[in-house]
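J.: My structure is below; once you've seen it, I'll send some questions.
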Amino acid sequence: EIILARTPEKWFQEALEKLKGADAKQYEELSDECREKQLFDEAARALEIALSLQFRMATLAKLGDLYASGLADPDREVRLYRTILEKTPIGAEVVWTRLGRVYEALGLPTRAIEAYTAATKAAPFAPEPRQRLAILFAADGRFAEAEEHLARMNADPKNPALPDSHLAAGTLAYYQGRMEPAKAELEQAGDAGKHLLGCAEAHLGNVAAA
C-alpha cells in the first residue's frame with residue numbers, strides 16, 4: 001500500500017483551515033512553525049494574515065526580515081509596505097523607512113529619498129530617515145540638503161555620538177573632499193563605515209591602512 005505524504009502546501013492549507021477565526025497571535029505562531037520547517041513563503045503568508053488582523057510593528061519587522069533573508073523578494077516587500085501605508089497611518093515613519101531601505105538595496109536612490117522624506121514628515125525627529133537622507137544627498141553632491149538633515153538629526157543631544165551619525169558626517173565630509181574629517185568620523189562609524197574609511201585613507205595616501 002502506497003501512502004502519499006502531505007506536501008508542504010497541503011500541510012499549510014490544513015493548518016490555515018484549523019485557524020479560521022483565530023487571532024493574529026496564532027497566525028504568528030504558525031509562521032514561526034513554518035520558518036522552523038524552512039517554509040519561508042508559507043511563513044510570510046501567515047504573517048501577512050496576522051498583520052491584516054492586527055497591525056503590530058513587531059510583526060511587520062518579522063515579515064520584513066523574512067522577505068529580505070528567507071525569500072529575498074524585495075518586490076513583494078515593497079507591495080506589502082505600500083499596502084500598509086494605504087490602509088493605516090499607524091507606524092508610518094517605520095514603514096516608510098523600511099521602504100526606503102528596500103529601494104536603496106534595489107539601487108533606486110530617488111525612490112529611497114522619496115520614502116525617507118515621507119518618513120521625516122510622519123516623524124520629524126526620527127533619526128534613521130534623516131541619517132539616510134544625509135548620506136544619499138551627500139553621495140549625489142547635494143551638500144546643503146545633506147547638511148540640513150544631519151543638523152536636524154544631531155539636534156537631539158543623544159544622536160551625535162551614535163555610529164550612524166558619525167557615518168553620515170563622515171560620508172558628507174568624504175564627498176566634499178575633506179578626507180581628514182571624513183577619516184575621523186568614519187573611524188567611529190563601526191562596520192558600516194569601513195569601506196568608505198578605506199577609500200578616505202587611500203586618498204590620504206595611507207595605502208597600507210586601506
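The values are calculated or read from the model by the stated rules, or taken from the named source; none is laboratory data. This one's a predicted model, so the numbers in the text were calculated from it and none came from an experiment. All Cβ positions, glycine included, derive from the backbone under ideal geometry; neighbour counts span all protein chains shown. When the accessible area is computed, the model is the full protein with side chains, heavy atoms only, and any ligands, DNA or RNA have been set aside. Shrake-Rupley method; radii C 1.70, N 1.55, O 1.52, S 1.80 Å.
J.: If you wrap the range 108-185's Cα atoms in a convex hull and average its projection over all directions, what's the area in nm²? Mind showing how you got there, number by number?
T.: Numbers: hull surface 18.7 nm².
Directional mean of the projected Cα hull area for the range 108-185 stands at 4.7 nm².
J.: Give me the percent of accessible area attributable to carbon and sulfur for the range 20-107, probe 1.4 angstrom. Write down the numbers at each step before the final one.
T.: On the way: 2240 of 4510 Å².
Summing carbon and sulfur atoms, their accessible area is 50 percent of the total for the range 20-107.
J.: In addition: Roughly how big is the chain's charge dipole about its Cα centre, with Cβ charges of +1 (Lys, Arg) and -1 (Asp, Glu), in debye to the nearest 20? Provide the component values of the computation, followed by the final result.
T.: Numbers: 26 positive and 33 negative charges, 77 e Å.
For the chain, the charge dipole is close to 360 debye.
J.: Hand me the trypsin sites (Lys or Arg not before Pro) from the range 22-103 located in a DSSP loop with no more than 15 other Cβ atoms within 10 Å, in residue order please. The partial results should precede the final answer.
T.: Values: sites: Lys25, Arg35, Lys37, Arg45, Arg56, Lys62, Arg76, Arg79, Arg82, Lys87, Arg98, Arg101; in loops: Lys37, Arg56.
Within the range 22-103, the qualifying trypsin sites (Lys or Arg not before Pro) (loop, at most 15 other Cβ atoms within 10 Å) are Lys37.
J.: Under the rule of -39500 (n - 2.57) per DSSP H run of 4 or more residues, summed and divided by the residues of the chain, what mean residue ellipticity at 222 nm is obtained, to the nearest 500 deg cm²/dmol? The partial results should precede the final answer.
T.: Working: 12 runs with 144 residues, N = 210.
Calculated at 222 nm, the ellipticity per residue is -21500 deg cm²/dmol.
J.: On average, how much accessible surface per residue is there in the range 13-58, in Å², for a 1.4 Å probe, leaving out ligands, DNA and RNA? Display every interim value, and only then the final one.
T.: Numbers: 2680 Å² over 46 residues.
I get 58 Å² per residue for this part.
J.: Any chance you could look up the accessible area of Thr83 with a 1.4 Å probe, heavy atoms only, rounded to 10 Å²?
T.: 60 Å²
J.: Provide the per residue accessible area, probe 1.4 Å, for the range 79-210, rounded to a whole number of square angstrom. Kindly include the intermediate steps, with their values, before the conclusion.
T.: Numbers: 6900 Å² over 132 residues.
Value for the range 79-210: 52 Å² per residue.
J.: Sorting His203, His195, His149 by accessible area (1.4 Å probe), largest first, what list results? Please report the intermediate quantities before stating the final value.
T.: Working: His203 120, His195 140, His149 25 Å².
The residues order as His195, His203, His149, largest area first.
J.: Next question, about the same structure. Roughly to the nearest percent, how much of the accessible area of the range 156-210 is carbon and sulfur, given a 1.4 Å probe?
T.: Values: 1670 of 2990 Å².
With neighbouring chains kept in place, the figure for the range 156-210 is 56 percent.
J.: Would you kindly find the accessible area of Met153, with a 1.4 Å probe and non-protein molecules such as ligands, DNA and RNA excluded, rounding to the nearest 10 Å²?
T.: Surface open to solvent at Met153 totals about 10 Å².
J.: What relative contact order, as a whole-number percentage, does the range 30-112 give when Cα pairs under 8 Å and 6 or more residues apart are counted? Could the numbers behind the result be given before it?
T.: Working: 57 pairs, mean separation 14.7, N = 83.
Worked out over the range 30-112, it gives 18 percent.
J.: Can you give me the relative contact order of the chain as a percent, contacts being Cα pairs under 8 Å and 6 or more apart? Walk me through the intermediate numbers first.
T.: Numbers: 239 pairs, mean separation 18.7, N = 210.
For the chain, the relative contact order is 9 percent.
J.: May I have the extent of the alpha carbons of the range 5-82 along their three principal axes, as whole Å values ordered from largest to smallest?
T.: For the range 5-82, the Cα extents along the three principal axes come out at 35, 25, 18 Å.
J.: Kindly provide the chymotrypsin sites (Phe, Trp or Tyr not before Pro) of the range 118-157 that DSSP labels as loop, not H, G, I, E or B, and whose Cβ sees at most 14 other Cβ atoms within 10 Å. Display every interim value, and only then the final one.
T.: Numbers: sites: Phe125, Phe137, Phe143; in loops: Phe125.
The qualifying sites are Phe125.
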